[in-house]
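Taking it in order: structure first as structure tokens, then the write-up.
Every read-out reported here was derived from the displayed coordinates using simple, explicitly stated rules and does not represent laboratory data. What you are looking at is a predicted structure, and each value in this text was computed from that prediction instead of being measured. Heads up, the Cβs are rebuilt from the backbone with ideal geometry, glycines too, and the neighbour counts pull from every protein chain shown.
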4 protein chains.
Amino acid sequence: MSLRASIIGGSGYTGGELLRLLHGHPRAEVGQVSSRALAGQPLHRRHPNLRGVIDTPFCTPDDVGPCDVLFLCMPHGRAAGEIERWRQLAPLVVDLSADFRLSNPDDYRRWYGEDHPSPTRLGEAVYGLPEVTGDRLNGARLVSGVGCNATAMTLALLPLARAGLIRRAIADVKVGSSEAGAEPSAGSHHPVRARTVRTYSPSGHRHLAEVFQSLGELDLDATVSAVDMVRGVLCTAHVEPTRRLEMKELWRLFREAYRDTPFVRLVADRSGPNRLPDPRVLVGSNFADVGFAVDERSGRVIAVSAIDNLVKGAAGSAVQSMNLALGLDQTLGLTFPGLHPA
Amino acid sequence: MSLRASIIGGSGYTGGELLRLLHGHPRAEVGQVSSRALAGQPLHRRHPNLRGVIDTPFCTPDDVGPCDVLFLCMPHGRAAGEIERWRQLAPLVVDLSADFRLSNPDDYRRWYGEDHPSPTRLGEAVYGLPEVTGDRLNGARLVSGVGCNATAMTLALLPLARAGLIRRAIADVKVGSSEAGAEPSAGSHHPVRARTVRTYSPSGHRHLAEVFQSLGELDLDATVSAVDMVRGVLCTAHVEPTRRLEMKELWRLFREAYRDTPFVRLVADRSGPNRLPDPRVLVGSNFADVGFAVDERSGRVIAVSAIDNLVKGAAGSAVQSMNLALGLDQTLGLTFPGLHPA
Amino acid sequence: MSLRASIIGGSGYTGGELLRLLHGHPRAEVGQVSSRALAGQPLHRRHPNLRGVIDTPFCTPDDVGPCDVLFLCMPHGRAAGEIERWRQLAPLVVDLSADFRLSNPDDYRRWYGEDHPSPTRLGEAVYGLPEVTGDRLNGARLVSGVGCNATAMTLALLPLARAGLIRRAIADVKVGSSEAGAEPSAGSHHPVRARTVRTYSPSGHRHLAEVFQSLGELDLDATVSAVDMVRGVLCTAHVEPTRRLEMKELWRLFREAYRDTPFVRLVADRSGPNRLPDPRVLVGSNFADVGFAVDERSGRVIAVSAIDNLVKGAAGSAVQSMNLALGLDQTLGLTFPGLHPA
Amino acid sequence: MSLRASIIGGSGYTGGELLRLLHGHPRAEVGQVSSRALAGQPLHRRHPNLRGVIDTPFCTPDDVGPCDVLFLCMPHGRAAGEIERWRQLAPLVVDLSADFRLSNPDDYRRWYGEDHPSPTRLGEAVYGLPEVTGDRLNGARLVSGVGCNATAMTLALLPLARAGLIRRAIADVKVGSSEAGAEPSAGSHHPVRARTVRTYSPSGHRHLAEVFQSLGELDLDATVSAVDMVRGVLCTAHVEPTRRLEMKELWRLFREAYRDTPFVRLVADRSGPNRLPDPRVLVGSNFADVGFAVDERSGRVIAVSAIDNLVKGAAGSAVQSMNLALGLDQTLGLTFPGLHPA
């Protein structure tokens, strides 16, 4: 029997990807999809790839009825105040905003600059990155989304962090334009966003909070630069290890850390143009490619990760978390391997 | 029981797409994949998206044994001379090169400038565009591939051509860089191919031969321009009709022509940025989007089609044809809806 | 002695290009530059390339005082109603909007759907495309700007139109995102504008009015498609000639037509990737590249032109017209040859 | 009187840029331009922007006669062995290859893995980055070119390095495709190079040798990633300073360091999309934009620089060095300010 999955706020990019993934999910079916602004209009107005694929029109949020899973894709800060309302509609709620990612209200205040409106619910929510929270997602009833840059940083650093091998690290993150969402803005205007290579967040990116929660406090900072791509994150993490590490040991560490994670691929070939991760080959896919190299001179480790920010960094991890929460195979609906070339 | 599908010449872009599609096909499994140059190396050397997805290494062409379907992805002109050899390996051979697209040896000579080496086989091959050859593909044992630009032109013009409504037409075709294949060349060098908008084939494109074979002789010419995209074809066909046509009648004509074709979508909205076809939303998908408009002043009809040249214009139509030849549902393995944004 | 040139509405893309060109002009100097929204802020806020190059801040329109040349870069429809005010400030006014391009008030009403507010001034303005209006620009006191697509179409067709050789023609025009201006919009949002190939104006483009005014009434329609480029127009004009034309005669016709126009280059080589015009090599340049080919089968002539929409299609032609109006060498300040690769 | 400047190996990208710059130089004129492969063909075959601008055809290297300045644009390793021959032709030779950048033969051996063929000439050559070698270029007779990535790293770090404030640093460098030159290759094939974000040189980039020579030995490593751009380098240098630095002091340090360098602009605004350097606005320009920020938490300094790799990172610095060597104003021929948007 199909699981009925509905979406609150389905007109944006993560909403569109959720629709695509749920439509292809062998156990789920798309229920209702709300958009206050577009109620009554066909989904393909905002998601032209779904024309003729999903025929439901957008409804209003008030129209959304009970379902098996409810995904919240509202702007940051909205879900926190309305969470009780939505939880009444479904036994499993997955909120893709930033509202329930941090379990500690103090962390929320520190990084988001205000008090959380539902602090008691924070502890209840499970962070929706299965590579980090794993079994804790089984049976979860409130699951948070993930920050896309946080996901990239976490997956690049996790094996080293868990082994206590990071003395200090800097994540130099390159991101595409879809991170900023579907709303036009001066910075995303094509004539100026095309061909840009711009370090727009030199330090202190909010997604660090999620990394610290997942990996423990680290001497880590993040610098984010916009590059000319629509989807994708490349995280180049410059790590000063606590001791000398050779490639062989890195292979062992990363293999062990990701032994049971079906969506992390290790990419650290000796040669070839694709010897290290590149988000270009991950567009549409839930894979996270992770690689590494060592600087012979200094011993610095360069850990590299690539994801599609809208899939592994948003809708894909959300569906993967849903699968785990409901006791399904975590790969269901997520087997699209990406395209090359594209 | 799975159908075993093997590929001769699987290191190029259409080979990679065939691998992706066959891997996701519910009734097929990937058999052997040959590449003379890369025998012994893992597939992901050339198809990095398939790393960890398909683990077979490339083999030599001589290694390829009997199978249920054999796809030939060799350079144009190679399959024609070797076809008997390959047909001994499988009851169904699908050749994606240009060698068996034209059923008339005279047409081949006229457009390709030389005699066909296996002229008697030409009549046996069925042109692999199901929207054109339909039932003729049922039970076919030799199926040709399609030209990507031919596919775009044919699908834009088919409803008008079948109704005898085209007095004259010009197809202004815009294409991406993957059309030229995986081999580096001066014209595909990134510093000069990026951002280009270049009319490189002003007239007389070879793919016209396929259009004439499919739609009958027409007063039609094609102009092809390269634009900055990797995958995709947009065909803007400027049609002078034999009589005045209004939008309503166009809707009727196109609806009827494509009533039974699951992969053609009609896209001719009254407004919105996606009111006419755009190959951007079709990357990876087997859909062909077809739309139309009328110039009020002159009565000219503008028929527009968009496809992914590597899918509907190559590997996708090949798999769709395989499905029909084997009596399967033609949509099997081809349900990926494309991505937005991407 | 330097000519003082000021700009009303200098925060947009054509304003920025005017600033760049005037700054490098050996006989001109940048006077005042107004922007109601940005008054008091440095120019480099909107024109980051000019940081440290031009130090004037934006002023309000009311601050602008008398000068030798005044350029108006306001939204379409604004200059028409205020023209008397601005003409009091300078003996030469160049209006880059669409307001004074059509000399016949009836044409204006037909194409813009409303009455022109200063119809008596229309006849006074000289159309600012020197390749068309030539000597009429000498001594002009009110000069209009040009439509970028109109410029591309006009220059592709002019030699054939003047010789009365066009029976019918269709201009298939490919354009970049900067045509839509500096204001963010849904259609110019990077995630959806990148990689698009979209026929957004199938017929009846307004710029046809300028072409008809320049070349006489023609059986001509235009179809405009957006492609992934920031600057640039490529016009591929499909011309059915009144009689058979060979390449040799085309060379003669185009050479003669453009004998005295320093910014039109003929590009119709026998081979090479740059044998026909490509706007990629014209970014920043005032050149218009024009080429042609003949379809052997049908005799159709394919006339191709490429320009930078912000230079030859806007600010460059405006400066060139200023030069002519003031009796200067028309090439002054316009010698930047473009970049390759870029 | 004009200085006659000739070029050996003028068919590549730096040769093309030299031609463009020398053509616009008020005191220089283009003499002969050699290309062994293209001798006899017009320059615009390789430099389509120069069609109708410079009419000289390519000659053979043997045809090149005496001139005032000779630029060598040969592949790395060639000039070193032929340097005596070329110095006989001109009192000033500027070699844009890597052959004469390092003055110490031991450094050359260490970084290039072989002995330098003309070690005694190394000490004679002056490194052609005026921001570093300044007055030493006056009267120089043999000038080296610069590495583009070296230039970006050096200019980002120079003020901090000279003040002894760098404890350790990592330069995360993002580069465009023109860095790899005009020769097609697997890695520069458009279908795979477009949209790539690929860390291809995780550590130990050769250009570090130039940085160490210019700034003294530093605890510095470089990681280079390819992004989807044709021209441009963005260097994001992550610096751990020897003591806490505030923005005010950074402003003072950078202002002082670059007080007399007309081509370095400081870009560190408080807000706006262009508040830090972006190579997008520098295409075609000799400017280097340099900015900085401080991470409040850790005190890390992020120093950012952007250049056009073919201009400030190659041909532009070469012309600037020529100007200084000949006692001319260093800005001659280099005043093009870049384009926006583009």
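Backbone amide hydrogens, once placed in the peptide plane, bring B:Val264 within less than 5 Å of B:Ala288, excluding anything fewer than 5 places away on its chain. Bridge orientation summary for segment C:3-124: considering DSSP beta bridges with both residues in this region, about 5 percent are antiparallel. With θ taken as phi - 60° and the Karplus curve 6.51 cos²θ - 1.76 cosθ + 1.60 applied, the whole-hertz 3J(HN,Hα) list for segment B:72-78 is 9, 10, 8, x, 3, x, 7 Hz, x standing for glycine and proline. Dipole orientation for chain D: of the candidates D:Val192, D:Ala5, D:Gly164, D:Val192 has the Cα lying most toward the positive pole (charges on Cβ; Lys, Arg +1; Asp, Glu -1).
Peptide A:238-251 has a mean shielding of 1, counted as Cβ atoms of other protein chains within 10 Å of each residue's Cβ. Of the beta bridges in the protein assembly as shown, as assigned by DSSP with both residues counted there, near 50 percent are antiparallel.
All other residues with a Cβ under 12 Å from the Cβ of C:Arg206 taken together, and with Lys, Arg as +1 and Asp, Glu as -1, what is their net charge? In short, 0.
Assuming charge only on the beta carbon of Lys and Arg (+1) and of Asp and Glu (-1), the dipole of chain A about its Cα centre is about 660 debye to the nearest 20.
Using the alpha carbons alone, the radius of gyration of the protein assembly as shown stands to its Kirkwood radius in an Rg to Rh ratio of 0.95. Sparsely packed loop sites in segment C:237-303 (the GluC sites (Glu not before Pro) outside DSSP H, G, I, E and B with at most 15 other Cβ atoms within 10 Å) comprise C:Glu246, C:Glu296.
Please report, in cubic angstrom per residue, the volume enclosed by the convex hull of the alpha-carbon atoms of segment A:99-141. Taking the convex hull of the Cα positions in segment A:99-141, it is 67 Å³ per residue. Counting only other chain Cβ atoms within 10 Å of each residue's Cβ, the peptide A:202-209 averages 4.
With the charge dipole of chain A set up from +1 on Lys and Arg Cβ and -1 on Asp and Glu Cβ about the Cα centre, the Cα lying farthest toward the positive end among the listed residues A:Val267, A:Val53, A:Ala152 is that of A:Val267. Calculated mean residue ellipticity at 222 nm for the protein assembly as shown: -6500 deg cm²/dmol, from DSSP H runs with n ≥ 4 weighted as -39500 (n - 2.57), summed, divided by the residue count and rounded to 500. Here the dipole of the protein assembly as shown is about 0 debye; that uses its Cα centre as origin and unit charges on the Cβ of Lys and Arg (positive) and Asp and Glu (negative). log₁₀ I(q)/I(0) of segment D:85-203 at q = 0.15, 0.16, 0.17 Å⁻¹, via Debye over equal Cα point scatterers, no solvent, to two decimals? Scattering profile of segment D:85-203, log10 relative to I(0): -0.91, -1.01, -1.09. The ellipsoid equivalent to the alpha-carbon distribution of segment C:148-309 has semi-axes of 27, 17, 15 angstrom, derived from the gyration tensor eigenvalues as √(5λ) and listed largest first. For chain B, the relative contact order is 18 percent, taking Cα pairs closer than 8 Å that sit 6 or more residues apart in sequence and dividing their mean separation by the residue count. Rg/Rh for segment C:243-342 stands at 1.03; both radii use Cα atoms, and Rh follows the Kirkwood definition. Annotation for segment D:67-141: GluC sites (Glu not before Pro) lying in DSSP loop with at most 12 further Cβ atoms inside 10 Å of their Cβ are D:Glu114. By the equivalent-ellipsoid construction on the alpha carbon gyration tensor, chain B comes out with semi-axes of 32, 22, 20 Å, ordered largest to smallest. The GluC sites (Glu not before Pro) of segment C:167-225 that meet both conditions, a loop assignment by DSSP and at most 16 other Cβ atoms within 10 Å of the site Cβ, are C:Glu217.
Only the Cβ atoms of Lys and Arg (+1) and of Asp and Glu (-1) were treated as charged; on that basis the dipole of segment A:148-309 about its Cα centre amounts to roughly 340 debye. The convex hull drawn around the Cα atoms of segment A:139-185, when projected onto a plane and averaged over every direction, covers 5.7 nm². Bridge orientation summary for chain A: considering DSSP beta bridges with both residues in this region, about 45 percent are antiparallel. One way to sum up the overall shape of segment B:3-124 is the equivalent ellipsoid from its Cα gyration tensor, whose semi-axes run 27, 15, 13 Å, largest first. Taking 28 Å as the straight-line reach from the Cα of C:Lys312, the lysines in range (excluding those fewer than 8 positions away in the same chain) are B:Lys174, C:Lys174, C:Lys248, D:Lys312. In summary, segment D:38-92 shows an alpha-carbon radius of gyration equal to 1.28 times the 2.2 N^0.38 Å reference for compact globular proteins.
The mean count of C-beta atoms from other chains within 10 Å of the C-beta of residues in A:181-189, rounded to a whole number, is 6.
Look at where the Cα atoms of segment D:1-52 and of segment A:170-184 average out, and the two centres are 41 Å apart. The string of couplings for segment B:327-342 from the Karplus curve (6.51, -1.76, 1.60, θ = phi - 60°) is x, 8, 4, 5, 8, 4, x, 10, 8, 4, x, x, 10, 8, x, 6 Hz, one whole number per residue in order, with x for Gly and Pro. Taken as Cα centroids, segment C:78-120 and segment C:121-141 sit 13 Å apart, rounded to the nearest whole angstrom.
Measuring between their Cα centroids, segment D:270-342 and segment B:231-281 lie 48 Å from each other.
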